[in-house]
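The values are calculated or read from the model by the stated rules, or taken from the named source; none is laboratory data. Remember, predicted model here, so these are calculated numbers, not experimental data. Every residue, glycine as well, gets a Cβ built from its backbone with ideal geometry; the counts of neighbours run over all protein chains shown. Accessible surface is based on the protein model in full, side chains and every heavy atom, while ligands, DNA and RNA are left aside. Shrake-Rupley method; radii C 1.70, N 1.55, O 1.52, S 1.80 Å.
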Amino acid sequence: MERRCDIAVVGAGMVGATLAALLARSGLSVALIEAAPPRLDWPEGSVDLRVSALTAASERILSDVGAWPRIVDLGVSPFHEMHVWDAEGPGEIHFDSAGLGEPRLGHIVENRVLVRALVEGLRESEGVKLHFARLERLACGEDEVRLGLSDGAEIVSRLVVGADGASSRARVLGGIEVRGWDYDQRAVVTTVATELPHRRTAWQRFLPDGPLAFLPLRDGRCSIVWSTAPAHAESLLAADDAAFLDELTRAFDARLGRVLECGPRAAFPLRLQHAPRYVAPRLALIGDAAHTIHPLAGQGANLGLLDAAALAEVVGDAVSSGRDVGALATLRRYERWRKGDNLATMMAMDGFKRLFGSALPPLRWARNAGLRLTDSVPPAKNLIMEYAMGLRGDLPRVARSARV
């Protein structure tokens, strides 16, 4: 069965679903393809192991497509402060939204909440057709692209967008390679209850093997992301709860008192990955399909949402001016726009990871001095946060605040 649309988006995670919603608002017909239906309900009181720290720019994008009110209803945790410190020295920096004149630094949101709110909204959209099947074939021609799905359907569109994650099948079938390296780290994730309240504050301690983050959740618990060596990660997964909680309390310097309880634990490998090309004729990549980043600053989801907003703007402008949305000349505007910003953020995070992971005394002194100096200069500290929050920079229209 052949089905025609303007644009096919492969991947119905938060980035692909956001792009589909943005494109539909421009009057385009969109096929949104995902291998299996997402789970849209869960046991009461449970928390997703994967959460995202969303910036103000991401909130504005999600508000523009009408998803944000539903996300708030399902549950978000605003955070107002952030503490970052080094386990091997006195260096520490404290960020506070009050110093920026902003109501918050961002929100911690479960990934499943984001997907549910977006997919539920898309099911009510006349411009988006959801296809739950695996992408099997991809053929980009001069004027159109043909996608073969595992259920036998064939979709014909003017443009296909790969939003299907770090192992993107759309990218592989489209012949775009990636470069990068493994960090020789795994991120251990779980949900914990602590003796002291989190005070709507995000916390991160840099340990020799990698950073440990405590992210505040709406029910008073914290989601943790502990990036560490693979062998250590395996031992943390294998430990009984009592031993794990004791080690976690020590590693976090008991900043929130004792860690009292934990939920299920999981771990995933960490890798830096970047596509030298984001686009080809009739093909574009966004989010993790184009780039993956170390999670130490929580910017991965935000970069992907900015990709989606930028590509939607480029495509919308092409439609308004009568240009071909899948032409390479059109798509290169998107690539030029986002590639530099993504690379700069990736390299900055990679640099921080290596700087704080070094045991060399000169580097240890330099990072601690840098934290103390930055913390003592409010204009510099605030500028860092304004860029991180999406209050500055070359942002898509839907992501801009009145200050930009």
- Please determine, by comparing only the residues of the stretch 208-221 that are part of a loop (DSSP other than H, G, I, E, B) and in contact with a helix residue (DSSP H, G or I) (Cβ under 9 Å, 6 or more places away or on another chain), which one is surrounded by the most Cβ atoms within 10 Å (Cβ to Cβ). 209
- Task: Considering each of 205, 200, 146 in turn, give the residue that is open to solvent by 70 Å² or more (accessible area, probe 1.4 Å) and touching a residue at least 24 places away in the same chain (Cβ under 8 Å).
- Result: 200
- Task: Kindly list, by first and then second residue, each pair from a residue in the stretch 389-400 that is of a type in the set (D, E, K, R) to a residue that is assigned to a helix (DSSP H, G or I) and surrounded by fewer than 16 Cβ atoms within 10 Å (Cβ to Cβ), limited to pairs with Cβ atoms under 8 Å and residues at least 6 apart or on different chains.
- Result: 392/383
- Query: Any idea which of 293, 384 is open to solvent by 70 Å² or more (accessible area, probe 1.4 Å) and either hydroxyl-bearing (Ser, Thr, Tyr) or over 30 Å from residue 6 (Cβ atoms) (or both)?
  - Reply: 384
- Can you work out which of the residues in the stretch 174-184 that are touching a Lys or Arg at 6+ places or on another chain (Cβ under 9 Å) and in a strand (DSSP E or B) is least open to solvent (accessible area, probe 1.4 Å)? 183
- Query: If you scan the stretch 327-364, which residues turn out to be loosely packed, with under 13 Cβ neighbours inside 10 Å and closer than 27 Å to residue 228 by Cα?
  - Reply: 343, 344, 351, 354, 359, 360, 361, 362
- The condition of being under 19 Å from the mean Cα position of the chain (by Cα), open to solvent by 30 Å² or more (accessible area, probe 1.4 Å), over 30 Å from residue 208 (Cβ atoms) and hydrophobic (A, V, I, L, M, F, W, C) holds, among 76, 72, only for 72
- Query: Among the residues of the stretch 83-100 satisfying the criterion of being under 18 Å from residue 357 (Cα atoms) and of a type in the set (Gly, Ala, Ser), which is surrounded by the most Cβ atoms within 10 Å (Cβ to Cβ)?
  - Reply: 91
- Task: Scan the stretch 358-404 residue by residue and report those that are assigned to a loop (DSSP other than H, G, I, E, B) and of a type in the set (Gly, Ala, Ser).
- Result: 358, 359, 376, 390, 393, 401, 402
- Query: Got a sec? Which of 234, 261 is touching a Leu at 6+ places or on another chain (Cβ under 9 Å) and either touching a residue at least 12 places away in the same chain (Cβ under 8 Å) or in a helix (DSSP H, G or I) (or both)?
  - Reply: 261
- Query: For the stretch 306-324, how many residues meet the condition of being touching a helix residue (DSSP H, G or I) at 6+ places or on another chain (Cβ under 7 Å) and either closer than 15 Å to residue 159 by Cα or open to solvent by less than 10 Å² (accessible area, probe 1.4 Å) (or both)?
  - Reply: 12
- Give me a count of the residues in the stretch 151-173 that are closer than 17 Å to residue 15 by Cβ, in contact with a Leu (Cβ under 8 Å, 6 or more places away or on another chain) and either open to solvent by 10 Å² or more (accessible area, probe 1.4 Å) or outside any strand (DSSP E or B) (or both). 6
- Task: Considering every residue within the stretch 36-45, establish whether at least one is surrounded by fewer than 24 Cβ atoms within 10 Å (Cβ to Cβ), closer than 30 Å to residue 355 by Cα, in contact (Cβ under 8 Å) with a residue 12 or more places away in the chain and among the hydrophobic types (A, V, I, L, M, F, W, C).
- Result: no
- Total residues in the stretch 357-404, condition more than 22 Å from residue 337 (Cβ to Cβ) and of a type in the set (Gly, Ala, Ser): 8
- Kindly indicate whether residue 12 is closer than 27 Å to residue 158 by Cα and in contact with a helix residue (DSSP H, G or I) (Cβ under 7 Å, 6 or more places away or on another chain). yes
- Message: Would you confirm whether or not the stretch 185-196 contains a residue that is open to solvent by 50 Å² or more (accessible area, probe 1.4 Å), in a loop (DSSP other than H, G, I, E, B) and more than 30 Å from residue 8 (Cα to Cα)?
- Response: yes
